[in-house]
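The values are calculated or read from the model by the stated rules, or taken from the named source; none is laboratory data. Fair warning: this is a prediction, and the values are worked out from it, not measured in the lab. Here the Cβ positions follow ideal geometry from the backbone for every residue, glycine too, while neighbour counts run over all protein chains shown.
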């Protein structure tokens, strides 16, 4: 397949989900993309349009990613932490580039994905949050982390969110630690009472996950120095619309890359060069 000619052929895994539906609209409206297939176990064997309650789209829905990759250039995965790693490795094995919007992968998972992608000379782009404003918040946090090593993250989401911390917060913690090792005021093994009240540690960074009704997804990183603090916070609304443009940007840039790229902010600043 000539990946440099014609529109980009896309498969969306999780196409009938909350984010997947918005991405279907986005790909269909993009002049430089064509939606080739979709993955959703609950709608396997159906036309995607029918599965979504629309007119037929002539886009088949499959139960498994491995069956949906014929004539596909890029897989967009917005499934879940249960399926995303296997889906990504299956696509890499077929030489298909991947854009990962699902959360729940660990640093070890990403290392394995990066190794597999480099072996096959395939590009993978993953972001805990493909919102443009979330990317700006993360870029700001990376800049601050060079100078302020004391930081903690508060991760807000709805009471029903199944994973903790969120993919946005996990990615932020791991990238903060990569910029500069975090400093804790008192080591956790010296805490009296309940050390778990200090939050979970992700790459050494304390992360506190709050799950309550009325929240969608919000991420707050607090940097501290004696007698002063700096807070960077991103708040998301209730729709998936903010994630579409960033995801499609990643689709346009992932082909021709080799290995894993993490963070939408990485792409945004690269594209300015």
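Points to keep in mind about this one:
- In region 2-16, residue modelled with the highest pLDDT [restricted to those that are surrounded by fewer than 19 Cβ atoms within 10 Å (Cβ to Cβ) and on the phi < 0 side of the Ramachandran plot]: 7
- Elements of the type strands (runs of 3 or more DSSP E) sitting completely within region 6-109 and holding at least 1 residues that are in the same structural domain as residue 248 (by TED's automatic domain parsing) and under 30 Å from residue 173 (Cα atoms): these cover 8-13, 74-77, 97-100.
- Condition broken by residue 228, with the remaining ones in (1) at pLDDT 95 or above; (2) surrounded by 13 or more Cβ atoms within 10 Å (Cβ to Cβ) satisfied: (2)
- Residue in region 183-200 that is closer than 30 Å to residue 15 by Cβ, surrounded by 17 or more Cβ atoms within 10 Å (Cβ to Cβ) and modelled with pLDDT under 95 present: no
- Residue match in region 118-132 (condition: touching a strand residue (DSSP E or B) at 6+ places or on another chain (Cβ under 6 Å), in the same structural domain as residue 260 (by TED's automatic domain parsing) and part of a helix (DSSP H, G or I)): yes
Residue-wise test of (1) touching a helix residue (DSSP H, G or I) at 6+ places or on another chain (Cβ under 9 Å); (2) closer than 17 Å to residue 89 by Cα.
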| position | (1), (2) |
| --- | --- |
| 41 | no, no |
| 54 | yes, no |
| 57 | yes, no |
| 69 | yes, yes |
| 74 | yes, yes |
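- Filtered by the rule that a residue be modelled with pLDDT of 95 or more, out of contact with any strand residue (DSSP E or B) (no Cβ under 8 Å at 6 or more places or on another chain) and under 21 Å from residue 243 (Cβ atoms), region 55-102 gives a lone residue, 85.
- Within region 236-258, considering residues that are in contact with a strand residue (DSSP E or B) (Cβ under 7 Å, 6 or more places away or on another chain) and not in a helix (DSSP H, G or I), the one surrounded by the fewest Cβ atoms within 10 Å (Cβ to Cβ): 256
- Residue check, residue 180 touching a helix residue (DSSP H, G or I) at 6+ places or on another chain (Cβ under 6 Å) and either farther than 30 Å from residue 19 by Cα or at pLDDT 95 or above (or both): yes
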